[in-house]
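Scroll down for the structure; my scribbles are underneath it.
Every number in this text was worked out from the coordinates using simple rules, so none of it is lab data. On a predicted model such as this, the values are computed, not experimentally measured, just so you know. As a convention, Cβ positions derive from the backbone with ideal geometry for all residues, glycine included, and neighbour counts pool all protein chains shown.
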Amino acid sequence: MIARTTIERGLLWGTGAFLLSVPWLIPALADRFWVNVIAEILIWSLFASSVNLLFGYVGLLSFGQALFFGFGMYGVAIGVEKLGLGFWPALGLGVAAPVAMAFVAGVFAVRLTWHYFAIITVVFSLIFYFLALTMKPLTGGDDGISFTLPSTFRFGASEWGFAQEAFQYLFILFTVAACLYAMRRLLGSPLGKAFMAIRDNDVRASLIGLNVYWLRLIAFVIAGFLAGLSGALFAFFGRYASATYMFYHVSGEAVVWTIVGGAGTLLGPLVGTSLFIVIREVVSTHWQHHSLIVGAVAILIVIYAPRGVVGLWRDLLDRWSAPKS
């Protein structure tokens, strides 16, 4: 029988080849609209990965990741529209701002665990959500900030940027892929093993010499980086930033995507995000109450596949590839 790892490796390469070909394959087979949908899936899966890092590998359930997503969006929008920055400086601001915010919030939040941690992350998210609404001269308030895209690369007279659909998609794809690869290397490192030791038993982890507080803070800041980068990409993708994306329901969606896809697995957030966004886009064209179907699917998966879609897939592969006695 073929080993599970061989099947998964082949599936991964096939998925990678498909994603690379999307800007040219999808318009030939379907509507160009789906190129943007897949790009959106990639961005939101990176956001869900920030939830997965904390919940799946450190054991901290955060409902405040939307705060860092919003900081990433506003960092880009304010950098471009208010400060007149180019693409790369604006992207840098869109990453630096949420990382700094994650460090400040994490100093207080990671002292807590369980529902106390979840509550304080929601509180931080709500504080800055309402601040963003009231600081209209800076954030645009309810209207948000729209901006014109700066060029990304210049080669002589030619310019390459997010205005070109293929370039936009490939930039998002390579950025998300690089982050997932870096996350894979991190989780395989001693630091990643320390994260999982804390997740499994923080008391025992402290007894063997691990500094639980600092390790949780490091994980919180890294998760803030992932959420902030996804927000920065989404701002460039939509040419817009809004306080709406800082509300805690955005974090709640990422939690659902992570749990349904498979918390504690690298590609679980991508699978969960893909499933729900595709359902949303397909069903919403025929029925306005598509959220009912999304909710029903989430309930069924949580009940019958508590380890998520990726966990169910691996269980089925193990059963199929097991030697017959």
**Item:** Segment residue 112-residue 292, length gained on full extension (0.36 nm per residue, minus Cα span)
**Value:** 61.4 nm
**Item:** Extension gain (nm, one decimal) between residue 159 and residue 244, 0.36 nm per residue minus Cα-Cα
**Value:** 27.4 nm
**Request:** Determine, for 258, 113, 139, the number of other Cβ atoms within 10 Å of each Cβ, and report the residues in order from fewest to most.
**Result:** 113, 139, 258
**Message:** Along the Cα→Cβ direction, 7 angstrom out, place labels at residue 178 and residue 285. What is the inter-label distance in nm?
**Reply:** 3.4
**Prompt:** Which residue, 295, 94, 228, has the most motion in a Gaussian network model of the chain that connects Cα atoms within less than 10 Å?
**Reply:** 295
**Message:** Taking 8 Å as the Cα distance limit and 6 or more residues as the minimum spacing, I'd like the relative contact order of the range 1-125 as a percentage.
**Reply:** 23
**Stretchable slack from residue 191 to residue 119, in nm (0.36 nm times residue separation minus alpha-carbon distance)** = 23.3 nm
**Item:** Per-q log10 I(q)/I(0), the chain, q = 0.10, 0.15 Å⁻¹ (Debye; single scatterer per alpha-carbon; no solvent)
**Value:** -0.60, -1.33
**Message:** Net charge within 13 Å of residue 199 by Cβ-Cβ distance, Lys/Arg positive one each and Asp/Glu negative one each, not counting residue 199 itself?
**Reply:** +1
**Prompt:** What is the Cα centroid distance between the range 52-75 and the range 12-26, reported in whole angstrom?
**Reply:** 28
**Prompt:** Can you give the relative contact order of the chain as a percent, counting alpha carbon pairs under 8 Å and 6+ residues apart?
**Reply:** 31
**Request:** Fewest Cβ neighbours within 10 Å first, please rank 138, 210 accordingly.
**Result:** 138, 210
**Asked** If the label point is 7 Å along Cα→Cβ of residue 88, which residues in the range 223-238 have backbone nitrogen under 19 Å from it?
**Response** 229, 232-233, 236
**Rounded to the nearest 20 debye, dipole of the range 4-247 from Cβ charges on Lys, Arg, Asp, Glu** = 660
